[in-house]
Amino acid sequence: MNKDTAIRYVVDAKGKPEGVFIEEEMWRHVCQHVLSVVEKLYPSEDTIVEPMADLQLLEKYWDLRYELPTDVACETCGASTADWKADEPRKFMLRAANMGGLLAFQCVGCKSRITKRHFKDKVTVTCAPQASCACG
């Protein structure tokens with residue numbers, strides 16, 4: 001391996017940079033650093049940004065006769081908590097919240113979606129397992 005062949009720049013027909021090829025031996029030396037930078041720049045789909053502002057709005061205008069419940073349970077894998085926000089590490093991540101009383105969570109363990117709908121006199125809960133990948 002020499003420095004002239006270890007890294008090859010790829011350009012389009014107009015000479016515009018398109019990418020870089022790195023020889024495998026070079027990649028073994030730089031992969032940890034490169035992948036850590038890529039993860040910072042492009043967080044994976046598994047990184048969940050919780051809509052906490054939506055939850056705070058729901059909490060601010062909550063006017064039902066009961067307190068907004070904080071318990072969450074997953075029927076798929078059996079994970080449960082009395083207070084999803086207090087868990088460290090989290091067992092459930094908030095995926096959606098709205099003024100209509102809907103809270104949707106994702107189970108960190110099995111990725112199922114738990115949906116809680118809060119009505120005047122009841123709370124309904126559904127649990128849907130993560131859809132399987134069509135490619136197998």
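The values are calculated or read from the model by the stated rules, or taken from the named source; none is laboratory data. None of these values were measured; they are calculated from a predicted model. Accessible surface areas use protein heavy atoms only, side chains included; no ligands, DNA or RNA. Shrake-Rupley method; radii C 1.70, N 1.55, O 1.52, S 1.80 Å.
Key figures
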| read-out | value |
| --- | --- |
| 21 Å Cα-Cα threshold exceeded, pairs from K60/K116; K60/K111; K85/K116; K40/K111; K60/K85 | K60/K111; K40/K111 |
| Within straight-line cross-link reach of K3, aspartates and glutamates at Cα separation under 15 Å, skipping those fewer than 8 residues along the same chain | E23, E24, E25 |
| Accessible surface of segment 71-136, 1.4 Å probe, proportion on carbon and sulfur as whole % | 52 |
| Length-normalised contact order of the chain in % [C-alpha pairs under 8 Å, at least 6 apart] | 14 |
| Residues of the chain: accessible area per residue with a 1.4 Å probe, Å² | 75 |
